[in-house]
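Nothing in this text is a laboratory measurement; each read-out follows from the coordinates by a stated rule. Please read all numbers here as calculations on a predicted model, not as lab measurements. Here Cβ is always computed from backbone atoms with ideal geometry, including for glycine, and neighbour counts include all displayed protein chains.
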Amino acid sequence: MRLFSRNTRMTIRYEDDLRLFRSYTARVVALIALAAGIILPLTLGDFPLSVLCYAGIATIGAIGLNLLVGYTGQVSLGHAFFLGAGAYTTAYLGRTLGLPLPLWLGTSAIVGAVIGALIGPFALRLRGNYLVIVSLGLLMVGQHVFENWDAVTGGLTGVPVRASASIGLLDFAAPGVGSARLTRNQGYFYLIWIVAGLLLLGAKNIVRTRPGRALQAIRDRDLAAEVLGISVFKYKVAAFALSSAYAAMAGALYASYARYVSPLDWSLFLSIQYIAMIIVGGAGTMLGSVLGALFLTLVPRFVEALSGYLPFVSRSAGSAGGITVFGLNQLLFGLLIIVFLVFEPRGLAEIWRRTKLYFTMWPFSY
Amino acid sequence: MSDLLQLLVAGISLGSIYALVCLGFVVIYRATGVINFAQGGLLVLGAFLTHQFAVRAGLPFVLAVLLAMLVVALAGVAVERVMLRRMVGQPVFAVIMITLGLLYVVEQVVSAIWGYDLVLLGDPWGVRTISLGPATIEIADLWTIGMAGIVLVAFFLFFRYSRLGVAMRATASDQEAAIANGISARTIFALAWALSGAVAALAGTLLATGPRGVEITLSAVALRAFPAMILGGLDSPGGAVLGGLTIGVIEVVSAAYLTPNAPWLGENVHVVVPYIVMIAVLMVRPYGLFGTREVIRA
C-alpha cells in the first residue's frame, strides 16, 4: 500500500483539485525550476542566455494567449498585434518621457488591456471560423497602423527603443554593487523570468479560482454558462483584456531587451507561432504555455546549430531550389503543428502527465 | 468617366481572381465546415506545376493546365486522407490550425523544388491587350473573368442536378443523416478536397498568366481573398463570386481615390480597406451577406 501513501495521485476532496501545487512532485519541480533560474545565468554564455530571454518573453505571451484560447475558447489570430501595441507603447514612453521600468511595463499592460477590451465585444457576435477571420482582419489593420503611424512607430523602418530597466537603484541592464556587476544578458534574464514567474503565478491563481472556472464554462458551452448565471459579456471582454495585457507586457519586455522594433516583428507568422506554442505545449494548462514557449523558441536554434551538418541544407536562397535553414525551420514548424494536433492534441503537458502517471503507478500500467 | 470605367474593369478582373480563390474555399467549407488556410499553398503549387508542364516539359498550355489541376486535386485528396480524416469530430479551431501548418509545409516544399525566383508560365496570351471602348483590358484578365463565370455555372449545375453534388450538400447540412441515407461521407470529403484543389490550381494559373508570373509569395493572395469570402458568406458559391467582385472593385477604387486624397491613411491603405468592410459587414450580419444563419440549440 506504500504506493499511494504519499497521496500524490488520489484526490479526496474538491479542495485538493484547486491547490496551487497539486502534488508533491509539482512542488519539487517548481523548486528545481527556481534553482535553475538562479544558477543558469551565472553559468551560461551570452548567446544561450539571449535565447532563454526570448523564451521568457514568449512564455509571457503564451500564457496570455492560453488564457484566451485554451481557457475561454476564443480563437484569435490577432495576438501579434497586442504584442506590437505593448512594444510601441514602451518605445514611445521611453523616447519621450524616459519612464522607469514599472511605469512603462504597467502602461503597456494597460494599453494592451484597453485595446483588448475594445476587441472583446466582436467575439460576442461571432464564433468559430468567422471569429478567426475577423481576428485576422484586425491583425492586418493593426499592421497597417504600425507601418504608417510614423510619429509613434517610425513607419516601415521601425524605431530604436531606449527603455531603462531600472527600479530605484537596481538596474537590470547591469545589476550589482559598485564595480561587481552582471552583464546585460544576465540582468535581463532575471528581469524577464521574474516577471514571467509572477505572471504565471497570477494566471494560475485566476484559472484555479472562480473567474477561471467561469472562463472554462464559457469555453465548454457559452449558452450553458449564461444559464448558470455567468455574465458571458463580462467574462469574454475580461478574457480579451487580460490576454492582451499579458501580450503587451511581453511586447514591452521584447522592445526593451531587443532595443529595436519594426512592423515586420508583428506579422501573422508571430500570431501563428504563439498558437503553435499553445498547441504543442497543451491548450488549457499553464504548464503547457511554459513548455510550448520554451520548445518553440529553442527548436529553431537547435536546427540552426545542426544545419551545418546536414548536407541538403544550403546557407542562402537560390533559384536552383534546395532548402535553406529558414525554410527548414518553417517546414518543421508546420509539421510540428500538424503532428501534435493529429497525434497529441493535448500537447507536451499531457506527455508529461502520462510520464508522471507511469512512474507513480509503476509497476502497474494504469 | 473613362477613368472610372477602366477602374471598374480592373476591379472586376481582380475580383474574379478572388472569386475563383473563394470558390475553392467554399467547396471545402460546404462539405466539411472548415476554412482551408492551405488554399494559398495549393494556388502556388498549381501555378508552378503549370510552369513545369508548359515551359520545362514543353506541353501545350491547355494540357499543362489540366495536368496541373489533376495533380493538385490528387494532392488535395492525399491531404484529406492522411491528415484531416483523423480530425473528424475535433474542434474547428484544431482543423483550421492543421491547414495553417500545411500552408507552411507546402510553401517550403514548393520553394525547395522551384526556388524563390519569379517564373513565367508560357501562356499564349502574354501581355496582349484589347480595347473595349475607352478602357483597355488584358487578354489574361478576360480569361480570368470568363473562367470564374464558367466555374461558377459548373458548380451551380453540379450542386443542383448531379447526384454527387446533392450528396455533398446533404453531408454538409447533416453528416449523420447523410450517412444514414447511404452517402459515404469519406468519398464526399475526398471529392471536396479534389474539387477545391483543382479550382485552386486553375486560379493560381490564371493569377500567374500574362506578364505577372508566379513566385512563392503568390500564396498571400489567399489571405487577401478572405474578406471576399466572408462578405459573400462562407457557404454560398454565388456569394463567393459576388463578394469577390465587390471586394475587387472596392480595392481598386480605394487604391485610386483614397491614397491621393487622404495621404494620412498611409501608402497601402487599399490592402486593409477590404478587411475593414468585412468587419463592418460581419457586425451587422454575422454570417455574411448570403451565408446560412447558424441555428444554435442548447
Expected output is a single nm value to one decimal: the length gained when fully extending between A:Phe302 and A:Asp46, i.e. 0.36 nm times separation in residues minus the C-alpha distance. What is it?
90.6 nm
What's the exposure ranking of A:Cys53, B:Cys22, going from fewest to most Cβ atoms within 10 Å?
A:Cys53, B:Cys22
Cβ-Cβ FRET estimate between B:Val88 and B:Leu8, R0 fixed at 51 Å, reported to 0.05
0.70
By the Cα gyration tensor axes a ≥ b ≥ c (a/c under 1.5 gives rounded; else a/b larger than b/c gives prolate, otherwise oblate), the shape of region A:23-266 is oblate
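Residues of A:120-126, mean number of Cβ from any other protein chain within 10 Å of their own Cβ, rounded to a whole number?
Numbers: counts 0, 1, 4, 0, 1, 5, 5.
Average neighbour count from other chains, rounded to a whole number: 2.
How high is the FRET efficiency from A:Phe359 to A:Asp17, r the C-beta distance, R0 30 Å, rounded to 0.05? Intermediate values should be presented prior to the final figure.
On the way: r = 21 Å, r/R0 = 0.70.
Step by step, r from the Cβ atoms, then E = 0.90.
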How high is the FRET efficiency from A:Tyr260 to A:Glu344, r the C-beta distance, R0 41 Å, rounded to 0.05?
0.65
Exposure-ranked with fewest Cβ neighbours within 10 Å first, B:Leu7, A:Leu341, A:Leu270 stand as B:Leu7, A:Leu270, A:Leu341
If you take the charge dipole of chain A about its Cα centre, with +1 on Lys and Arg Cβ and -1 on Asp and Glu Cβ, which of A:Tyr54, A:Leu298, A:Phe233 is farthest toward its positive end?
A:Phe233
So what are the ³J(HN,Hα) numbers for region A:23-29, from phi and the Karplus equation (6.51, -1.76, 1.60; θ = phi - 60°), rounded to whole Hz, Gly and Pro as x?
8, 4, 4, 4, 4, 4, 4
Given Cα pairs under 8 Å that are at least 6 residues apart, what percent is the relative contact order of chain A?
28
Descending Cα extents along the principal axes, the protein assembly as shown, whole Å
80, 61, 56
So what's chain B giving for Cα Rg divided by 2.2 N^0.38 Å, two decimals?
1.00
Output wanted: per-residue J couplings in Hz (rounded whole) for region A:339-349, from phi through Karplus 6.51 cos²θ - 1.76 cosθ + 1.60, θ = phi - 60°, x for Gly and Pro.
4, 5, 5, 7, 9, 9, x, 9, x, 4, 4
Relative contact order for region B:241-289, counting Cα pairs under 8 Å that sit 6 or more residues apart, in percent:
29
Which one, B:Val109, B:Tyr275, A:Ile119, is farthest towards the positive end of the dipole of the protein assembly as shown when Lys and Arg carry +1 and Asp and Glu -1 on their Cβ?
A:Ile119
For region A:58-209, what is the charge dipole size about the Cα centre, in debye to the nearest 20, if Lys and Arg each add +1 at the Cβ and Asp and Glu each add -1 at the Cβ?
300
Here, B:Asn268 and A:Arg210, labelled 7 Å along Cα→Cβ, have an inter-label distance in nm of 4.8
Dipole in debye (nearest 20) - chain A, about Cα centre, beta carbon charges: Lys, Arg +1; Asp, Glu -1:
1060
Partner aspartates and glutamates whose C-alpha sits under 12 Å from that of A:Lys236, ignoring same-chain residues fewer than 8 away, are A:Asp222, A:Glu226
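To the nearest 20 debye, what charge dipole does region A:9-84 have about its Cα centre, counting +1 at the Cβ of each Lys and Arg and -1 at the Cβ of each Asp and Glu? Present the calculation step by step, with values, prior to reporting the outcome.
Numbers: 5 positive and 4 negative charges, 49 e Å.
It works out to roughly 240 debye.
What value, in deg cm²/dmol to 500, does the helix sum -39500 (n - 2.57) over DSSP H runs of n ≥ 4 give at 222 nm once divided by the residues of the protein assembly as shown? Provide the component values of the computation, followed by the final result.
On the way: 27 runs with 456 residues, N = 664.
It comes out at -23000 deg cm²/dmol, rounded to the nearest 500.
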Please compute the modelled spin-label separation between B:Thr292 and A:Arg125, points set 7 Å along Cα→Cβ, answer in nm with one decimal.
2.3
Estimated inter-spin distance, B:Leu74 and A:Ile351, nm [label 7 Å along Cα→Cβ]:
3.4
What are the membrane-span-like helices in chain B by this rule: whole DSSP H runs, Cα extent along the axis at least 30 Å, mean Kyte-Doolittle hydropathy at least -0.5?
B:2-32, B:61-82, B:92-114, B:139-161, B:185-208, B:237-261
I want to verify a result. In a Gaussian network model of chain B, Cα cutoff 10 Å, which of these has the top mean-square fluctuation: B:Leu49, B:Leu121, B:Leu74?
B:Leu74
